[in-house]
Amino acid sequence: MLANDTESPESPPLAQPGGASTFLEEKAFRARSVLVFGTVTDALAAETVRKLLALDAESSAPITVFVCSPGGHLESGDAIHDVVRFVSSPVHMVGTGWVGSAATHLFLGAPRERRFCLPQTRFLIHQPSGGTGGPASDIAIQAREIIKARERIAQVIARETGQPLERVHKDIERDLWMPAEEAMAYGLVSRIIQRRTELPAA
């Protein structure tokens, strides 16, 4: 068996357990890129918010957030949505794969002119759902909260897309899937892009 103990100066260090993942995370961070992939949970929201705040403290250059998620916990999506609007650095949202439910909600945290998607992206909007259980009084409370959340989601979609609130209420009654072109026409995204060079420089 041949062995070569000499590393090229350009080669990254040999990966230790978890090392490759850390190396890639650091590369993404230096590129001012944040990945929101998978189910939206409180853990994912905490990690995303921490990265957004750190990048914002480091520089006022744009931050690019790539989103590929079926959705998840609405309030965790709220946290990302609000922090995207809170930081001083401009944030580009780039949808890829699928952007659904709570992921669409956090995606709308960026202003429309900074919302983009890759050609194969699909978007999903719908009303919130949740399991109910326990005493009748608790079920009634949960039902009221779901109705409040539905109204809040509808208002955000209407505000960020320019669609009439009445239409949004009707559209989210059931699952509404939109491919990239339809999402652009609806106002969820401003432009379909294929290359990173198509993102604004500032």
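The values are calculated or read from the model by the stated rules, or taken from the named source; none is laboratory data. These figures come from a predicted structure and were not determined experimentally. Neighbour counts are summed over all protein chains in view; Cβ atoms, including those assigned to glycine, are modelled from backbone coordinates with ideal geometry.
Scanning the range 173-188 for residues that are surrounded by fewer than 18 Cβ atoms within 10 Å (Cβ to Cβ) and either basic (Lys, Arg) or more than 17 Å from the chain's Cα centre (by Cα) (or both) yields a total of 7.
Applying the condition of being at pLDDT below 95 and loosely packed, with under 13 Cβ neighbours inside 10 Å to the range 105-131 and asking which residue is nearest to the chain's Cα centre (by Cα) yields SER129. Quick one: count up the residues across the range 71-93 that are within 16 Å of ALA43 (Cβ to Cβ) and not acidic (Asp, Glu). Residues flagged as within 16 Å of ALA43 (Cβ to Cβ) and not acidic (Asp, Glu) within the range 71-93 amount to 9.
Output the residue which, of all residues in the range 49-87 that are of a type in the set (Asp, Glu) and over 12 Å from the mean Cα position of the chain (by Cα), is nearest to PRO111 (Cα to Cα). Talk me through it step by step, then tell me what you get.
Here is the first cut: in the range 49-87, the residues of a type in the set (Asp, Glu) are 56, 58, 75, 78, 82.
From what is left, the residues that are over 12 Å from the mean Cα position of the chain (by Cα) are 56, 58, 75.
Details: ASP56: 17, GLU58: 22, GLU75: 20 Å.
This residue is ASP56.
List the residue pairs whose Cβ atoms are under 8 Å apart, where the first residue sits in the range 38-59 and is under 11 Å from VAL83 (Cα atoms), the second is part of a helix (DSSP H, G or I) and of a type in the set (Phe, Trp, Tyr), and the two are 6 or more positions apart or on different chains. The qualifying pairs are LYS51/PHE29. Cβ-Cβ distances below 9 Å connect the following pairs, each with a first residue in the range 93-116 that is more than 21 Å from GLN127 (Cβ to Cβ), a second residue that is charged (D, E, K, R) and assigned to a strand (DSSP E or B), and a separation of six or more residues or different chains: MET93/ARG115; VAL94/ARG115; GLY97/ARG122; GLU113/ARG191; ARG115/ARG191; PHE116/ARG191.
Scanning the range 64-100 for residues that are touching an Asp or Glu at 6+ places or on another chain (Cβ under 7 Å) and not small (Gly, Ala, Ser) yields HIS73, VAL87.
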